[in-house]
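Q: I'd like to ask some things about the structure below.
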Amino acid sequence: MIDFNVEKKADIFELEQSIMQCWNVVDDIKLITRQVYDRPTPLTDDELGNLLIGLETIYQLKFEKCFEEFEAVCREFHKFRKTHEFIQSTKDDLK
């Protein structure tokens with residue numbers, strides 16, 4: 001019998017969570033926008049720049065993590081598909 005288990009399986013749930021976390025960028029932009037327009041004391045150019053640089057850095061990391069998880073899920077899927085096709089062709093050859 002073929003063992004389909006690998007040491008660390010890619011987790012589709014983790015990928016889904018990473019994708020959902022990336023959507024937080026919209027809420028974070030809204031938060032910064034509120035700080036720019038609704039704050040009693042306006043942000044300085046440096047404060048706004050620092051907020052935007054921080055946001056850029058955080059989302060660069062989140063998107064990199066998300067893409068790494070996507071690649072792992074794809075690798076596992078294709079490995080499984082190839083194994084399944086091999087098993088199917090072997091069964092067909094035995095008929």
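Q: How large is ³J(HN,Hα) for each residue in segment 48-57, as worked out from phi by the Karplus curve 6.51 cos²θ - 1.76 cosθ + 1.60 (θ = phi - 60°), to whole Hz, x for Gly and Pro?
A: Working through the residues one at a time gives 5, x, 5, 4, 5, 5, x, 4, 4, 5 Hz.
Q: Starting from the Cα-Cα distance between F13 and T41, subtract it from 0.36 nm times their residue separation and give me the gain in nm to one decimal.
A: Separation in residues times 0.36 nm, less the Cα-Cα distance, equals 5.8 nm.
Q: Could I ask something else about it? Where nothing but the Cβ of Lys and Arg (+1) and of Asp and Glu (-1) is charged, how large is the charge dipole of the chain around its Cα centre, in debye to the nearest 20?
A: 400
Q: Sum up the lysine pairs in the chain that clear both bars: alpha-carbon distance under 28 Å and a spacing of 8 or more or different chains.
A: 18
Q: For the chain, which whole-number percentage of the solvent-accessible area (1.4 Å probe, protein heavy atoms only) is attributable to carbon and sulfur atoms?
A: 61
Q: Mind checking which of I53, C66, P42 is farthest towards the positive end of the chain's charge dipole, using Cβ charges of +1 (Lys, Arg) and -1 (Asp, Glu) about the Cα centre?
A: Comparing the listed Cα positions along the dipole, C66 ranks first.
Q: Right, another one. Going out from 0 in 10 Å bins, what whole percent of all Cα-Cα distances in segment 46-95 drops into each bin?
A: Spelled out per bin, shortest first, that is 22, 22, 17, 15, 11, 7, 4, 0.
Q: Students often get this wrong, so try it: which of [x] 20.7, 66; [y] 39.5, 125; [z] 22.6, 79 is Rg and Dmax of the Cα atoms in Å as calculated from the structure shown?
A: [z]
Q: How much accessible area per residue does the chain have, counting only protein heavy atoms and a probe of 1.4 Å, in square angstrom? Mind dumping the intermediate values first?
A: Working: 8130 Å² over 95 residues.
Result: 86 Å² per residue.
The values are calculated or read from the model by the stated rules, or taken from the named source; none is laboratory data. Computed from a prediction, not measured in an experiment: that's the story for all the values here. Note that we place each Cβ from the backbone using ideal geometry, even for glycine, and neighbour counts take in every protein chain shown. Accessible surface is based on the protein model in full, side chains and every heavy atom, while ligands, DNA and RNA are left aside. Shrake-Rupley method; radii C 1.70, N 1.55, O 1.52, S 1.80 Å.
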